[in-house]
Amino acid sequence: GAVVSQHPSWVICKSGTSVKIECRSLDFQATTMFWYRQFPKQSLMLMATSNEGSKATYEQGVEKDKFLINHASLTLSTLTVTSAHPEDSSFYICSALHVRAGVLEAFFGQGTRLTVV
Amino acid sequence: GEDVEQSLFLSVREGDSSVINCTYTDSSSTYLYWYKQEPGAGLQLLTYIFSNMDMKQDQRLTVLLNKKDKHLSLRIADTQTGDSAIYFCAEIPLYNFNKFYFGSGTKLNVKP
């Protein structure tokens, strides 16, 4: 149980186009999901907190208009990278919190490798 | 936000023990976690420790928590090549029980 599915696993797009990444909690409801960007030097950077039914909370330095987040249901959050540039190429990971066996855990999607050419 | 720090790299030989260290700043941490990330994949929970514990053992894994020094370690006994991955420590502060703070990750390389 407690699976978070992310789609697509990888995507290549042209500069200037938009790309949508989906994050689904498959067997639990998630009012809050998190979007991370992972740089080549491996550190995770929290980009934003996605809140079901309300606006996302963005971390400092993350452009709201460039990284559009929509959390339309209790099991789905989407991240849209708009007007993509090569510097947006990265590994994007989502996560959702869920209590399993009495312990709060962060469950992660498989990640999406975005390459902008 | 809270600071969670880890060394970036660790290299060991197969069969040796690996010790990955983590320091954090928040004294109100409730749970502390170790996550494992294999290449090209998301993070998977490896183990966790509650803040009122000093040690937790789970098969080849031993977690030690020194609350006074705010130091967390993960020891992997008899390290195998399949243990090669990035290991992240994470904590949840008491004042914000809805946000994980992750370290930068330690890349463990196991040489055969």
- Which of the residues spanning the stretch B:1-40 are within 11 Å of another protein chain (Cβ to nearest Cβ), touching a Gly at 6+ places or on another chain (Cβ under 8 Å) and within 24 Å of B:Asp78 (Cα to Cα)? B:Gln6, B:Leu8, B:Gln37
- Message: Testing B:Gly15 on (1) surrounded by 14 or more Cβ atoms within 10 Å (Cβ to Cβ); (2) farther than 22 Å from A:Phe107 by Cβ, one condition comes back false. Which one is that?
- Response: (1)
- Note on the structure: Counted residues in the stretch B:62-76 being within 28 Å of B:Arg13 (Cβ to Cβ) and free of Cβ contacts under 8 Å to residues at least 24 places away in the same chain come to 3
- Would you kindly identify the strands (runs of 3 or more DSSP E) lying entirely within the stretch A:1-60 that contain at least 1 residues that are out of contact with any helix residue (DSSP H, G or I) (no Cβ under 7 Å at 6 or more places or on another chain) and touching a residue at least 60 places away in the same chain (Cβ under 8 Å)? A:4-7, A:10-13, A:19-25, A:32-38
- Message: Let me confirm something: among A:Gln29, A:Gln60, which residue is away from chain B (no Cβ under 14 Å), closer than 19 Å to B:Phe100 by Cβ and at pLDDT 90 or above?
- Response: A:Gln29
- Query: If you go through the stretch B:5-30, how many residues are assigned to a loop (DSSP other than H, G, I, E, B) and modelled with pLDDT under 95?
  - Reply: 6
- Query: Where residues in the stretch A:89-111 are within 24 Å of A:Lys14 (Cβ to Cβ) and more than 10 Å from every other protein chain (Cβ to nearest Cβ), which of them is surrounded by the most Cβ atoms within 10 Å (Cβ to Cβ)?
  - Reply: A:Tyr92
- Somewhere in the stretch B:84-104, is a residue at pLDDT 95 or above, in a loop (DSSP other than H, G, I, E, B) and either over 23 Å from A:Leu46 (Cα atoms) or within 12 Å of chain A (Cβ to nearest Cβ) (or both)? yes
- Message: With the requirement that a residue be buried (at least 17 other Cβ atoms within 10 Å of the Cβ), touching a residue at least 60 places away in the same chain (Cβ under 8 Å) and among the hydroxyl-bearing types (Ser, Thr, Tyr), what does the stretch B:77-112 give you?
- Response: B:Thr79, B:Tyr87, B:Tyr101, B:Ser104, B:Thr106
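A quick yes/no check of all residues on (1) at pLDDT below 95; (2) farther than 18 Å from A:Tyr58 by Cβ; (3) part of a loop (DSSP other than H, G, I, E, B); (4) not basic (Lys, Arg):
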{"position": "A:Thr78", "(1), (2), (3), (4)": "no, no, no, yes"}
{"position": "A:Ser83", "(1), (2), (3), (4)": "no, no, yes, yes"}
{"position": "A:Ala96", "(1), (2), (3), (4)": "yes, no, no, yes"}
{"position": "A:Val99", "(1), (2), (3), (4)": "yes, yes, no, yes"}
{"position": "A:Ala106", "(1), (2), (3), (4)": "yes, yes, no, yes"}
{"position": "A:Thr115", "(1), (2), (3), (4)": "no, yes, no, yes"}
- Message: For the stretch B:69-83, give me each residue that is hydroxyl-bearing (Ser, Thr, Tyr) and outside any strand (DSSP E or B).
- Response: B:Thr79, B:Thr81
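Quick one: in the stretch A:6-21, which of the residues that are crowded, with 16+ Cβ neighbours inside 10 Å and within 13 Å of the chain's Cα centre (by Cα) is farthest from B:Gln44 (Cα to Cα)?
Residues of the stretch A:6-21 crowded, with 16+ Cβ neighbours inside 10 Å: A:6, A:11, A:13, A:19, A:21.
If we keep only those that are within 13 Å of the chain's Cα centre (by Cα) as well, we get A:6, A:19, A:21.
Numbers: A:Gln6: 14, A:Val19: 26, A:Ile21: 20 Å.
Per the stated criteria, the residue is A:Val19.
The values are calculated or read from the model by the stated rules, or taken from the named source; none is laboratory data. Please read these numbers as outputs of a predicted model, since none were measured by experiment. Don't worry about glycine lacking a Cβ; one is built from the backbone with ideal geometry, like all the others, and counts go over all protein chains shown.
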